[in-house]
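**Q** Structure below; questions to follow.
Bear in mind that the values in this text are calculations on the coordinates, not laboratory data. What you see is a predicted model, and the numbers here were worked out from it, not measured in a lab. No Cβ is skipped: glycine too gets one built from the backbone with ideal geometry, and neighbour counts run over all protein chains shown.
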Amino acid sequence: MAASIVDLSPEQTAEDAESDDLRLVESLREGSEWAYEELLTRFQQPVYTLALRLLNDPAEACDVVQEVFLKVFRNIENFRQQSTLKTWIYRITVNEAHNARRWFFRHRHREVDPDANPKETRDWEEIIPDKSRSPFDVTFDREQHVMIEAALERINPVFRESVVLRDIADLSYEEIAGILGVSLGTVKSRILRGREALREELAGSLNSRPALRLVPKTAE
Amino acid sequence: MSCDKMHEMVSSLLDRRVTAREEESVLAHLESCRQCGAEFESMRELRGALRRLDRPELPARLLEGLRTLALNERLRRLSHVGLSARAHRWAGRMQLVFENLMRPMALPFAGGVLSALVMFAMLVPSLAFPHNFRNDVPLWRLYTDPALEEMYPVDAGDETMVEVTIDERGRVQGCVVTKGQMPPEIENNLVLFSRFAPATVFGRPTWGKVLVSFRRSQISVRG
């Protein structure tokens, strides 16, 4: 019985999500206020995270997010439910990030974003110390994240897309294949090669940090 | 399973994209091969680190921009929706008015049509009128001979033949005795009191000649 419940529940959630999507899309087409709020609430964070991880530039990511939502609002009529709303929006995000990256390489000029440096825009939540974690842990995590972000930026963008969609956006292989418009085999291969490239990039920077065991080492 | 193959399997195993049998053999290999085991561990840690990456905070400028964008786009859509909705509502109202107008007439109209059909079906037989086609000229006959309709009783000789010329009104215009003898008074009576149907061409009466033969026992007419 437990197995059957476990098996059934994801299907039900998928159906629920589909009907939610349908309702949201219909309401967006009718110009309902709550639908616009709901769409932003549901997708602004994941879309921004995805754009930021793909571009590693907050200013560019902001532009991409605005462009993505503009396209979503304008083209909601053309959404035909052949994929989920999430997959559709992520596909637009990946394409926009791709365009932005191409544009960036053509015009090598960065804008200064006032919100880019989080240290200058700390709010009260950051000032109040978190007693559950030691300052060492916090610093350690931050260092680790900075290194991973840097390594992500250095690997091939094609592999980076797949790794980000799988490991950060937590999408399934099928969803990634739908977003990137490639076969499942290609998705699998790109994820594998992306992870290996990432590990190789991290290998150099983590050699001096034995606490992070991201570099394979055999026991003596 | 070889270490080369393991290389590919490690990533799939992390994503649970392997079959139960493959998983079993991979795990067995990881137990036995330290190099592969370490690779698997490092890959798992990398994946965990990626998942633990901080969720970037949305810049206030972006949040504000998105709100403005949503508001503008909603207003833009409402203006479009408003136009189409107004047209739709107007069409619906017109349809309702038309239906309301037609509904009281529907039953009388249907009844009227039905009763008209019934009456027509009943009247059709009585509408038929008698046709008289007796004087019709058959289309296949281009020319008809004059015909004798009424003859003055003639007491001629044994055998007498008279060629009579008939005008378009059926009157005798000329009379020539071609065989035998005929007294002039009888000839005059024949011209005066006999009636002929005129010859016709395409149904129109015209002049024609008829040969009348008298015998003692009978009168025969040959065209």
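**Q** Among residues other than residue B:95 whose Cβ falls under 13 Å from its Cβ, what is the net charge (Lys/Arg +1, Asp/Glu -1)? Write out the running numbers ahead of the final one.
**A** Values: positive: B:89, B:93, B:103; negative: B:99.
Here the charged neighbours net out to +2.
**Q** In region B:17-48, which residues have a backbone nitrogen under 16 Å from the label point lying 7 Å from residue A:140's Cα in the Cα-to-Cβ direction?
**A** So the set is B:45-46, B:48.
**Q** Would you please give the FRET efficiency between residue A:102 and residue B:97, computed as 1/(1 + (r/R0)^6) with r the Cβ-Cβ distance and R0 = 51 Å, to the nearest 0.05?
**A** The value I calculate is 0.30.
**Q** Evaluate region B:63-191: find the radius of gyration of its Cα atoms, find its Kirkwood radius, and give the ratio Rg to Rh.
**A** On the way: Rg = 45.0 Å, Rh = 25.4 Å.
My calculation of the ratio gives 1.77.
**Q** For A:16, B:15, what ranking results if the residue with the fewest other Cβ atoms within 10 Å of its Cβ goes first?
**A** By the 10 Å Cβ count, ascending: A:16, B:15.
**Q** If exposed means no more than 11 neighbouring beta carbons inside 10 Å and the site is in a DSSP loop, what's the longest run of chain B without any exposed chymotrypsin sites (Phe, Trp or Tyr not before Pro)?
**A** Segment B:1-132 is the longest.
**Q** Moving on to the next point. Contour minus end-to-end for residue B:116 and residue B:189, with contour as 0.36 nm per residue of separation and end-to-end as the Cα-Cα distance?
**A** Roughly 20.0 nm would be gained on extension.
**Q** Whole number please: convex hull volume per residue of the Cα set in region B:1-145, in Å³?
**A** Details: hull volume 81.5 nm³, N = 145.
Taking the convex hull of the Cα positions in region B:1-145, it is 562 Å³ per residue.
**Q** Where does each of A:19, A:189 land when they are ranked from fewest to most other beta-carbon atoms within 10 angstrom?
**A** Arranged by neighbour count, lowest to highest, A:19, A:189 become A:19, A:189.
**Q** For the Cα atoms of chain B, what angle does the longest principal axis make with the long axis of helix B:60-127, in degrees from 0 to 90, nearest 10?
**A** Relative to chain B, helix B:60-127 is tipped by roughly 30 degrees.
**Q** Among B:126, B:25, what is the fewest-to-most ranking by other Cβ atoms within 10 Å?
**A** Ascending Cβ contact count within 10 Å gives the list B:126, B:25.
**Q** Dipole size in debye (nearest 20) for region B:84-153 around its Cα centre, Lys and Arg Cβ +1, Asp and Glu Cβ -1? Walk me through the intermediate numbers first.
**A** Numbers: 6 positive and 5 negative charges, 214 e Å.
With Lys and Arg at +1 and Asp and Glu at -1, about 1020 debye.
**Q** Here is a follow-up. For residue B:163, which sequence-distant residues (separation of 5 or more, or a different chain) have an amide H within less than 5 Å of its own amide H, given hydrogens modelled in the peptide plane?
**A** Amide H to amide H, under 5 Å and 5 or more residues apart or across chains, residue B:163 pairs with B:176, B:177, B:178, B:212.
**Q** Modelling each spin label as a point 7 Å along the Cα-to-Cβ direction, I'd like the residue B:109/residue B:126 distance in nm, to one decimal.
**A** Going by the 7 Å Cα→Cβ label model, 3.0 nm.
**Q** Once each part is reduced to its C-alpha centroid, what is the distance from region A:44-89 to region B:69-90 in angstrom?
**A** Here the two parts' Cα centres lie 23 Å apart.
**Q** Okay, next question. Could you state the angle between the C-alpha long axis of helix B:3-14 and the longest principal axis of the C-alpha atoms of chain B, as a value from 0 to 90 degrees rounded to the nearest 10?
**A** 80 degrees
**Q** Within 10 Å of each Cβ in peptide B:38-45, how many partner chain Cβ atoms are there on average? Round it to a whole number, please.
**A** 5
**Q** Quick one: angle between helix B:20-32 and the longest Cα principal axis of chain B, in degrees between 0 and 90, rounded to 10, please.
**A** 20 degrees
**Q** How much net charge surrounds residue A:162 when only the other residues with a Cβ under 14 Å from the Cβ of residue A:162 are counted, with Lys and Arg +1 and Asp and Glu -1?
**A** For residues surrounding residue A:162, the net value is +3.
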